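What follows is a set of notes on a single structure, which appears directly below.
Every number in this text was worked out from the coordinates using simple rules, so none of it is lab data. Only a predicted model underlies this, so the values are computations on that prediction, with no experimental measurement involved. Because the Cβ atoms are built from the backbone with ideal geometry, glycine has one as well, and the counts that use them run over all protein chains shown.
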Ligand SMILES: Nc1nc2c(ncn2[C@@H]2O[C@H](COP(=O)(O)OP(=O)(O)OP(=O)(O)O)[C@@H](O)[C@H]2O)c(=O)[nH]1
Ligand SMILES: [Mg+2]
Ligand SMILES: [Zn+2]
């Protein structure tokens, strides 16, 4: 009995990887730079994307696919700033998979989009294992979650191309050992880049700069922008 379990899980991830590869080809053909944003429930993912659409929406065409178990609340918040928003409801599912992203793409016109951000379901564990066809994975923590979350979720820290720590405005009010948090990240991933933000106070410039430089350095994006 036990020996059946591992092959089944492997097959699920293998199928996901095949679909992720197809998504990747679609993104490359369209010249879209794609970020998979992963963080706990309430870390501030949608807030960051609202600010991003407000700050960068005038010179980057940004689309968002947002995953939540239920409701269109995040989708509605984001739709106030962009028409290229798709909400995915995962029901009992605790992460987005490549097939859900593939279906969401049917509702977006990728030729109108330079940068696609996928807000994953609030969860620090399984979104890390599911490739969606993205260029970069970004892991988001926040001060109110406690300073041990990076150490407890090493897979995210190791897999992420960029890490964010949000709600820096709460540091004076909440016990949070910032040097220890930084040190935990250093130990897990020496090359990790950590950006400390407060979306509530509009303190997110390093993130905006990262997005701009990565979108523009993307070979296909520069090709698209030259055509304009
Ligand atoms: N103090 C403080 N609160 C923030 C900050 N950023 C977001 N929040 C608040 O945190 C709460 C959750 O923010 P969301 O943006 O909905 O978080 P999320 O990560 O999208 O949550 P899920 O989609 O449910 O996983 C909201 O009440 C925000 O106003 C911040 O920088 N500082
Ligand atoms: Mg959200
Ligand atoms: Zn899951």
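Counting 0.36 nm for each residue step from residue 92 to residue 212 and taking away their Cα separation leaves a gain of 39.7 nm. Arranged from fewest to most other beta-carbon atoms within 10 Å of their beta carbon, 64, 157 become 157, 64.
The coefficient of translational diffusion for the chain, derived via Stokes-Einstein from the alpha carbon Kirkwood radius under 20 °C and 1.002 mPa s, stands at 118 µm²/s. Considering only beta bridges that DSSP places wholly inside the chain, some 5 percent are antiparallel. Between 51, 156, 96, find the one with the highest GNM mean-square fluctuation for the chain; connect C-alpha pairs within less than 10 Å. The residue that fluctuates most here is 51.
Could you tell me the distance between the Cα centroids of region 1-56 and region 70-111, to the nearest Å? Between the Cα centre of region 1-56 and that of region 70-111, the gap is 12 Å. Taking every pair of Cα atoms in region 32-104, average 1/r, invert it to obtain the Kirkwood radius, and report Rg/Rh to two decimals. Value, to two decimals: 0.94. Between residue 72 and residue 54, what length in nm is gained on full extension when 0.36 nm per residue of separation is reduced by their alpha carbon distance? This chain segment gains 4.5 nm when fully extended.
Indicate, rounded to the nearest 5 percent, the antiparallel portion of the DSSP beta bridges found entirely in region 104-228.
Values: 1 of 9 bridges.
That works out to approximately 10 percent antiparallel.
With 0.36 nm allotted per residue and the present C-alpha distance subtracted, the residue 109-residue 203 stretch has 30.8 nm of extension available. The C-alpha atoms of region 152-220 occupy a region whose extents along the principal axes are 44, 29, 15 Å, arranged from largest to smallest.
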